[in-house]
Amino acid sequence: MDMRTRIGTALKEAMKSKDAARLSTLRLINAAIKDREIAARGEGEAGGSVADDEVLGILGKMVKQRRESARAYEEGGRLDLAEREQAEIAVIEEFLPRQLSEDEVRAAVDKAIRSTEANSIRDMGRVMGALKAKYSGQMDFGRIGPMVKDRLA
């Protein structure tokens with residue numbers, strides 16, 4: 001089952017169960033995907049549909065945004081809003097693949113460096129491309145970049 005179908009099914013279930021918080025988050029996910037489809041049509045891409053890997057990217061960005069918002073709310077003493085952001089993160093993460101552990105990330109980085117035969121920092125783009133192709137949605141590439149850079153330096 002593709003991501004769009006899974007999200008649509010979850011949306012219908014949330015409507016039936018009258019789970020307002022979950023329904024709201026699922027509608028936000030749908031809106032973000034539709035925005036990307038509209039942008040794709042505007043760029044002249046064929047069909048304008050969004051592939052599963054793009055959906056994973058969208059969901060990853062949504063989680064990152066909500067984590068930053070939750071952190072800002074906590075620092076500002078707005079725990080009620082931080083909790084709502086955390087609840088949205090939980091719903092979004094249901095559709096993301098399992099996140100790799102720190103050891104698995106290190107092993108994946110080492111494997112990518114070996115498979116791309118990277119020798120210097122100039123090869124970082126190839127390594128990151130290989131990681132994104134294989135582990136999209138399973139790791140935070142913002143954290144991985146410095147790790148790859150350290151290994152190649």
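Checking SER120 against (1) over 20 Å from the mean Cα position of the chain (by Cα); (2) within 22 Å of LYS61 (Cα to Cα), which single condition isn't satisfied?
For SER120, the failing item is (2).
So for region 83-93 (the condition being open to solvent by 40 Å² or more (accessible area, probe 1.4 Å) and farther than 21 Å from GLN138 by Cα), does at least one residue qualify?
Within region 83-93, one or more residues are open to solvent by 40 Å² or more (accessible area, probe 1.4 Å) and farther than 21 Å from GLN138 by Cα.
Got a number for residues in region 126-149 being closer than 26 Å to GLU68 by Cα, open to solvent by less than 80 Å² (accessible area, probe 1.4 Å) and in a helix (DSSP H, G or I)?
11
State yes or no: is LYS64 open to solvent by 70 Å² or more (accessible area, probe 1.4 Å) and more than 26 Å from MET139 (Cβ to Cβ)?
Taking the combined requirement at face value, the residue does not satisfy it.
Restricting to region 9-23, count the residues that are under 22 Å from ARG66 (Cα atoms), free of Cβ contacts under 8 Å to residues at least 12 places away in the same chain and assigned to a helix (DSSP H, G or I).
Qualifying residue count for the region: 1.
Right, SER69: at pLDDT below 90, at negative phi and of a type in the set (Ser, Thr, Tyr) or not?
Criteria not met by SER69.
Condition first: at pLDDT below 85 and among the polar types (S, T, N, Q). Now tell me which residues in region 33-65 satisfy that.
Residue satisfying the conditions is SER49 alone.
Residue by residue, here is whether (1) modelled with pLDDT of 90 or more; (2) in contact with a helix residue (DSSP H, G or I) (Cβ under 9 Å, 6 or more places away or on another chain); (3) among the aromatic types (Phe, Trp, Tyr) holds:
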site: GLN86; (1), (2), (3): yes, yes, no
site: VAL127; (1), (2), (3): no, yes, no
site: GLN138; (1), (2), (3): no, yes, no
site: PRO146; (1), (2), (3): no, no, no
site: ARG151; (1), (2), (3): no, yes, no
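The values are calculated or read from the model by the stated rules, or taken from the named source; none is laboratory data. In this text the structure is predicted, and so the values were computed from the model without any measurement. All Cβ positions, glycine included, derive from the backbone under ideal geometry; neighbour counts span all protein chains shown. Surface areas here come from the heavy atoms of the whole protein model, side chains and all, with no ligands, DNA or RNA. Shrake-Rupley method; radii C 1.70, N 1.55, O 1.52, S 1.80 Å.
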